[in-house]
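Working notes, structure below.
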Amino acid sequence: MYNNIKLFQDRPEEQGGFEACEVVQLTSIALLKIIRHSQMGIPIEVMGIMLGKFIDNTTIEISDIFAMPQTGTKVSVEAVDPVFQTKMLELLSQLEKYEIIVGWYHSHPGFGCWLSAVDINTQKSFEQLNQRSVALVIDPIQSTKGNIIIEIFRLHSSLSINEESPEITSLEYGIKTPPNLKEEPSYNK
């Protein structure tokens, strides 16, 4: 089951404001893992890598995630083992899981979904590897049962005409939990 999130490209008001230009398909299992990891980290920020594939020019699928060895505080998080990501991908290929890295996620416990200056630098490094990479931010404290506060960002839209634009492209947020996750009582523990 997928949770579809639309990517909006900022446009001038006279052109109708925002334009939906991409869709991110977040599988229920990937969403569940992100929720559990972020809630286990409260009150500290946590982070991880999102795996999936770029289905076509307008669709990104996030099918799985893995947490990174990290050091975090209430307001920041950083990966501490640069070799871990490579080792993890090698292990996944041995299991015949051939998803690629489509981005990263992290939590902002209690202070909403946005990209800090540090987050922007992290996202820049992901976009240097693949310009379609996305950053997902979740607020596990403001999220309530049935309403997950989550937002996905990219520094530049891959469909943007002006690639020099410093604007951050954002995905719609405030996902309603799919029915099959509402019945799972352990995800809020």
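The values are calculated or read from the model by the stated rules, or taken from the named source; none is laboratory data. Source: prediction; values computed, not measured. So basically every Cβ, Gly included, is an ideal-geometry build from the backbone, and we count neighbours across all protein chains shown. Accessible surface is based on the protein model in full, side chains and every heavy atom, while ligands, DNA and RNA are left aside. Shrake-Rupley method; radii C 1.70, N 1.55, O 1.52, S 1.80 Å.
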Among the listed pairs Lys33/Lys53; Lys53/Lys145; Lys74/Lys97; Lys124/Lys145; Lys97/Lys145, which have their C-alpha atoms separated by more than 23 angstrom in this model?
Lys53/Lys145; Lys74/Lys97; Lys124/Lys145; Lys97/Lys145
For the stretch 80-122, report the accessible area per residue in Å² (1.4 Å probe, heavy atoms, rounded to an integer).
58
Could you tally the net charge around Gly112, taking each other residue with its Cβ under 12 Å from the Cβ of Gly112, Lys/Arg +1 and Asp/Glu -1?
-2
GluC sites (Glu not before Pro), restricted to the stretch 66-119: which are DSSP loop and have at most 15 other Cβ atoms within 10 Å?
Glu96
